[in-house]
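The structure appears right after this line, and notes come after that.
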Amino acid sequence: MQSQEMYVILVIFILGKIICHDVAAVTVRVKQGLLEGEQKLTITGDKMFYSFKGIPYAAPPTGSRRFKAPQPARSWKGIRNATVHGSVCPQFDPLLNIYIPGSEGCLFLNVYTPSLPPCSPLPVMFFIHGGLYITGSGNDDLYGPDFLIDQNDVVVVTINYRLDNLGFLVLDTVDVPGNAGMKDQVAALRWVQSNIKNFGGDPNRVTIFGESAGSSSVALHALSPMSKGLFRRAIGTSGVPINDFSTAFEQRRRAFELGKKLGFETTNTSALLDFLQTVPVRQLINTNSTIIAAEDYIQITTRGYYTFPVVEKDFSQERFLTGEPLSLIKYGQQQVDMLLGYTSNEGLIIVPLLETSNIFANYRRFLEVLVPRDIFYRTTPTTHLQLADVIRQYYTGSPLKFLDTVPIFVSYETDLFIYPIIRYARRLSNGRNGRIYLFEFSSVSERNVVGQPGRRYGLTGVSHLEDLVYVFNPNALNLPVNKTATSYKMIQQICALYTNFAIFGNPTPDASLGVVWPTYDSGSAIYLDVGENLTLRANPKSSTMNFWESVYKLIDIRF
């Protein structure tokens, strides 16, 4: 009798594994057809997951569809191979200094799920890559889902979206009002709503997250009428819509300047569109169409190129962005909770460029380029020079010195990243928007490779981009994972905070991580320092905030 009971228990256990976990088929049906993925093991060896790559979420935006809003994905017959990534979008990588041709038919996403089917629908984490709106993809060369899936049962989605002029050309017309790349992201979110159940995901528990321009994108989705109802929570690091790399200015004029640079000078938007839809795609990438002289001297690798999301004019089309972000949050338009963070020394990323370019010479000769773009574009040359003197006094300690040493310039670059983020957090915490949690990522280990050149100058901390290697497994970097190392604890910490937030709406639903993290408000100004340990602190970057707030208050008084 005992052996029969044991046999029944064994059968039930095996059936449970078949139903809930590892033995499920890797073929999934979506609205467009059948997909065949593959089962893989996370880099730690701790968990199996199913991988589906290169899934088209919209039709190829080619020919007469170039620059326009995306159209629904086309169906296919038979079973589509989903074991390899789709084409990346055409782009220029400024860090590698190379053109990557990709393909205009690049609107693909990737889905990674720990079980098919799950015992119950799982939270979904939808990642938007950064890259100044000009470079990047959702591929697992940088964004392997291993750590997030190891930490908790979540479905991870990564995406491509159109970049550079292909994604952000603005003609201020009904056909090309701007934001095509942002509307690609919306199309991917809509695809998730329609299909993620088939991968075990819960469409009612989607958390969007991103880094740098991806983080700025996340914040814009939280304000967009097109994105309303497509996700529940948001996580962003190292970027908000008021960072320099998201500051739009005269974008329509830039489109005509692009045509002029390519040999087609006109004042007619229809003629310009017809021309730009026929030129080879390479001519539309890395054009960097500056329209005022100072833009030729502004450091652009972190402060941004010249293709951005914009407030769209109303032509009765679906508008992605209907107002300036600070105005929208002033009146409570962000009704989703958000984790918002930055790295401790963002500007370290620029060290190699400072060593090899003429940035110091440009900033010594043209002091006005020290002024943040949002101020620069709405003030006079006299104000530019006055503020530039104030800025160099703050960073050098002298009205006569220049920001021409690596440590000083890195400090300035770091503050240009961080001040807008904390400023944005302060504005969000006005009681009209969703809850906000603020954090500083200060984890340093052998995984921090981007900021290593800064050590030649005695610079420490976490560079821009370096938080990503704790959230994702970047296959292309071949970073080892040692479960006994401090770095692995750091991986587990940040992934626990992220996945807890996605699952519970609270990054620390209990004290199991050693801390209970309260929401941020401008009164107590409590934030979480995510280092080797998790530590609650108050008043982040207080001297930086006081300085830059005084600058912006001065401008508000004058104008």
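Compute the acute angle (0 to 90°) between the alpha-carbon long axis of helix 381-396 and the principal axis of greatest extent of the alpha-carbon atoms of the chain; round to the nearest 10°.
So the helix axis and the longest Cα principal axis differ by about 60 degrees.
Would you mind pulling out the separation of the Cα centroids of segment 56-104 and segment 412-439, in Å?
If you average the Cα positions of each part, the centres end up 33 Å apart.
Per-residue ellipticity at 222 nm for the chain, helices alone: DSSP H runs ≥ 4 residues times -39500 (n - 2.57), over residue total, nearest 500 deg cm²/dmol? It would help to have the intermediate numbers written out before the result.
Details: 17 runs with 180 residues, N = 559.
Helix-only estimate at 222 nm: -9500 deg cm²/dmol.
Just want the answer: with Cβ charges of +1 for Lys and Arg and -1 for Asp and Glu, which residue in Asn539, Phe472, Ile285 is farthest toward the dipole's positive end in the chain?
Checking the options against the dipole of the chain, the answer is Ile285.
Using a 10 Å cut-off around each Cβ, can you sort His464, His384 from fewest to most neighbouring Cβ atoms? Mind showing how you got there, number by number?
On the way: His464 26, His384 19.
By the 10 Å Cβ count, ascending: His384, His464.
Using a simple charge model, +1 on the beta-carbon of Lys and Arg, -1 on the beta-carbon of Asp and Glu, nothing else, what dipole does the chain show about its Cα centre, in debye to the nearest 20?
Numbers: 50 positive and 48 negative charges, 189 e Å.
Around 900 debye, computed over the chain.
Could you order the peptides 519-528, 102-111 from most to least packed, using the average number of other C-beta atoms within 10 Å per residue?
102-111, 519-528
To the nearest 10 degrees, how steeply does helix 251-261 sit against the main Cα axis of the chain, on a 0 to 90 scale?
Once rounded, the angle reads 80 degrees.
Among the listed pairs Lys183/Lys483; Lys183/Lys261; Lys53/Lys260; Lys68/Lys553; Lys260/Lys313, give every one whose C-alpha distance is greater than 31 Å. Let's see the in-between values first.
Values: Lys183/Lys483 40 Å; Lys183/Lys261 27 Å; Lys53/Lys260 39 Å; Lys68/Lys553 39 Å; Lys260/Lys313 24 Å.
Table pairs above 31 Å Cα-Cα are Lys183/Lys483; Lys53/Lys260; Lys68/Lys553.
Could you order the peptides 311-324, 132-145, 85-98, 543-556 from most to least packed, using the average number of other C-beta atoms within 10 Å per residue?
Values: 311-324: 15.6, 132-145: 23.1, 85-98: 17.6, 543-556: 14.1.
The most tightly packed comes first, giving 132-145, 85-98, 311-324, 543-556.
Mean separation of Cα pairs under 8 Å and 6+ residues apart, divided by the residue count of the chain: what relative contact order is that in percent? Don't skip to the answer; put the middle values down first.
Numbers: 1166 pairs, mean separation 74.2, N = 559.
For the chain, the relative contact order is 13 percent.
Among bridges DSSP assigns within the chain, what percent are antiparallel (round to 5)? The partial results should precede the final answer.
Details: 27 of 59 bridges.
Expressed as a percentage, antiparallel bridges in the chain total about 45.
Sorted by mean Cβ packing within 10 Å, highest first, what order do the peptides 173-182, 204-213 take? Please list the in-between numbers first.
Numbers: 173-182: 22.4, 204-213: 24.6.
The packing order, highest mean first, is 204-213, 173-182.
Can you give me the angle between helix 406-428 and the longest principal axis of the chain, using Cα atoms only, in degrees from 0 to 90, rounded to the nearest 10?
Roughly 70 degrees, rounded to the nearest 10.
In the chain, with Lys and Arg counted as +1 and Asp and Glu as -1 at Cβ, which of these residues, Phe264, Ser344, Phe409, has the Cα nearest the positive end of the dipole, that is, farthest along it?
Working it through, the farthest residue towards the positive pole turns out to be Phe264.
Given R₀ = 30 Å, what would the calculated FRET efficiency be for Ser103 paired with Asp314, taking r from the Cβ atoms and rounding to 0.05?
Working: r = 33 Å, r/R0 = 1.09.
Efficiency computed from Cβ-Cβ geometry: 0.40.
Please give me the summed charge of the neighbours of Gly341: other residues whose Cβ is under 10 Å from its Cβ, Lys and Arg +1, Asp and Glu -1. Before the final figure, lay out each step's value.
On the way: positive: none; negative: Glu211, Glu440, Asp467.
So the environment of Gly341 carries a net charge of -3.
Rule-based calculations on the coordinates, nothing more; no lab input. Keep in mind that this is a model prediction, so the values were computed, not measured. Cβ sites come from the backbone with ideal geometry, for glycine too, and all protein chains shown count toward neighbours.
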